[in-house]
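The values are calculated or read from the model by the stated rules, or taken from the named source; none is laboratory data. Keep in mind the model is a prediction, meaning the values are calculated, not measured. When we count neighbours, we look across all protein chains shown, and the Cβ atoms used for this are built from the backbone with ideal geometry, even at glycine.
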Ligand SMILES: Nc1ncnc2c1ncn2[C@@H]1O[C@H](COP(=O)(O)OP(=O)(O)OP(=O)(O)O)[C@@H](O)[C@H]1O
């Protein structure tokens, strides 16, 4: 860190919201320097010390990136006079300002702050002294707070966030309980809060610390393992991982339960939000299932289905017919099955029967106020739209996610639709399910379609599994693979993996499946050759070819594959934009890593870098094209992006690719589970290429993913409603 001294000449840019600023300063030795960073508007008359580092900007040369700053104790006399007579102080004119500086000298401010009565020497009366002093303190408070925050090792950006959140009370709030920042300030987690607490001298066994660690441990587990609750032993085990095991947890657990931040239900510990979300979801689904206001004429439905068969030139199987009739004659139902079992065919058939039954005009756009087709990812929604030739959107879009981060439809503003069909439902986590279902009116009919054997959702819970296992809503399972799909070895291999009975016959290349037995050191070369071959055949790197792997690190991890494939297939394309250890170039294939409904991009969306440019603040940004949606990424946004020549199997859920290549090596072993491999294999539409050790395929098929700890099925089954269970005035709304 270096230090420069100077005064601000002018602000080139200042963002009121986050205080990101660019300013020119004149240094002690009369040099003009550009400073950038997060800082407020400061007086242009005062001298400041700036701490930071020099950075080189590609077009604008050297800039000083500031981390902290402080007003100098000594100011030039003329600067001080200008400051005191500026609008920062009402009621002080040029004459009085000059007199203050003349009488008290260049460190006048320091003297007045220490003892305001020194102003008597200047001839100010008590009232004016008080008024002046108040303004001085007010003007200095923000700076004082910031200086104190820098002292806690907070970056300029976080410090400004704190100041914006707590204003004048920032230091009191921070010192009272630094762990509150975890909840209040985005970007501060337990580790950072703990660092501040340590500086404040908060003891390792302080109750506030232990409570925060328990919550942190539980949140981490919920997101890593997808569990909704922990057992007593697990709570302790994970809290000890954060705190070390010589800490007494009893009091903190009791206090958290007392504060209703942790809920103990029988012998299960839940975070309040997870607990109440699960209960509310279960209550809502039970409510939807009760809706019997629409009585369907089964005989008529069957007659219509017969005519749709003729119209579509399709002989539905018995189970497929059962699925269509069940879905249409129940308020809420589930259809589950693997690839090629006819899920899409069934949705198409039931929509047609529904149309005729209700005498609807599907060509009229108003139909989309009655029928909603949705899927959790953009890609899955797009596929649904293409296959069904009807409009389909992501769940977030249907819920009307707004720029302000709120949903237009929620439990108070219900969606207008009478029929709601949700595809790829295995990907829906507890929180999204809660948002979606609570926004559905009780009279609506809901059809949930998905492949329950795939990986569970990335977020906590296993909603589809729980809905099926609850036995409270009708479920139709499609097991038969259909004619056109029957010849596909991809589908038979997927099915063998899923049923855990891989035979020798499954392990030979045939038709659309290529199994390359190769040692790990050969795999990268083989992949490059295969990609080259596919490109020569006219396949496209962005849309058609996908390498899937279970982990990021290591020689055969996703990161390394991306590096190698980028070098090989997008070489020397000009200026790049670097974030962390990755550099993106125009033409690169990229993947969005988190849901960003505001910008209409979702976790797992694949795009291509279209341009790299500079914004008004002379910072680089990148334009990524996702289908026909162009999205801008500042450097700060690049955390949400990754190269996508290779992606994780988890991220591939809900998407399909013409050609899928899956390396299969020992270093993946701890990740290899049936659900993972099944999901990876079923992503391939035309060709599946597995490279490496085929014994590992058998190994993977024999290992099941650990079950998630959830209680949705139990709650759906339970007769006891939430209201009866309430022991006191606690309401789920307090936690939402
Ligand atoms: N009863 C049937 N008779 C003839 N062909 C069928 C029948 N059911 C489905 N098919 C055909 O089987 C293929 C797979 O069906 P569909 O696409 O509906 O399955 P899916 O479960 O949606 O699979 P995926 O998720 O892989 O798309 C399609 O070509 C479809 O036309």
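List of remarks:
- Residues in segment 324-341 that are under 18 Å from residue 473 (Cα atoms) and outside any helix (DSSP H, G or I) were compared, and the one that is farthest from the ligand (Cβ to nearest atom) is 331.
- Matching residues in segment 420-437 - criterion: being surrounded by 23 or more Cβ atoms within 10 Å (Cβ to Cβ), in contact with a helix residue (DSSP H, G or I) (Cβ under 7 Å, 6 or more places away or on another chain) and not in a strand (DSSP E or B): 423, 424, 425, 426, 428, 430, 433, 434, 436, 437
- Among the residues listed as 321, 280, the single one being within 16 Å of the ligand (Cβ to nearest atom), part of a helix (DSSP H, G or I) and surrounded by 14 or more Cβ atoms within 10 Å (Cβ to Cβ): 321
- Flag: residue 315 does not match the condition of being without any contact (Cβ under 8 Å) to a residue 60 or more places away in the chain, within 16 Å of the ligand (Cβ to nearest atom) and assigned to a helix (DSSP H, G or I).
- Condition met for residue 214 (touching a residue at least 24 places away in the same chain (Cβ under 8 Å) and surrounded by 16 or more Cβ atoms within 10 Å (Cβ to Cβ)): yes
- Qualifying residue in segment 286-306 (condition: buried (at least 20 other Cβ atoms within 10 Å of the Cβ), more than 25 Å from residue 432 (Cα to Cα) and within 16 Å of the ligand (Cβ to nearest atom)): yes
- On the stretch given as segment 628-643, residues that are touching a residue at least 60 places away in the same chain (Cβ under 8 Å) and in contact with a helix residue (DSSP H, G or I) (Cβ under 7 Å, 6 or more places away or on another chain) total 1.
Per-residue answers, yes or no, for (1) part of a strand (DSSP E or B); (2) under 40 Å from the mean Cα position of the chain (by Cα); (3) surrounded by 13 or more Cβ atoms within 10 Å (Cβ to Cβ):
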{"site": "4", "(1), (2), (3)": "yes, yes, yes"}
{"site": "11", "(1), (2), (3)": "yes, yes, yes"}
{"site": "21", "(1), (2), (3)": "yes, yes, yes"}
{"site": "30", "(1), (2), (3)": "no, no, no"}
{"site": "41", "(1), (2), (3)": "no, yes, yes"}
{"site": "46", "(1), (2), (3)": "no, no, yes"}
{"site": "50", "(1), (2), (3)": "yes, yes, yes"}
{"site": "54", "(1), (2), (3)": "yes, yes, no"}
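- Qualifying residue in segment 472-490 (condition: at pLDDT 95 or above, closer than 25 Å to residue 385 by Cα, more than 12 Å from the ligand (Cβ to nearest atom) and part of a helix (DSSP H, G or I)): no
- Number of the exception - residue 666 against (1) touching a strand residue (DSSP E or B) at 6+ places or on another chain (Cβ under 9 Å); (2) under 17 Å from residue 491 (Cα atoms): (2)
- Yes/no for residue 417 being assigned to a loop (DSSP other than H, G, I, E, B) and at pLDDT 95 or above: yes
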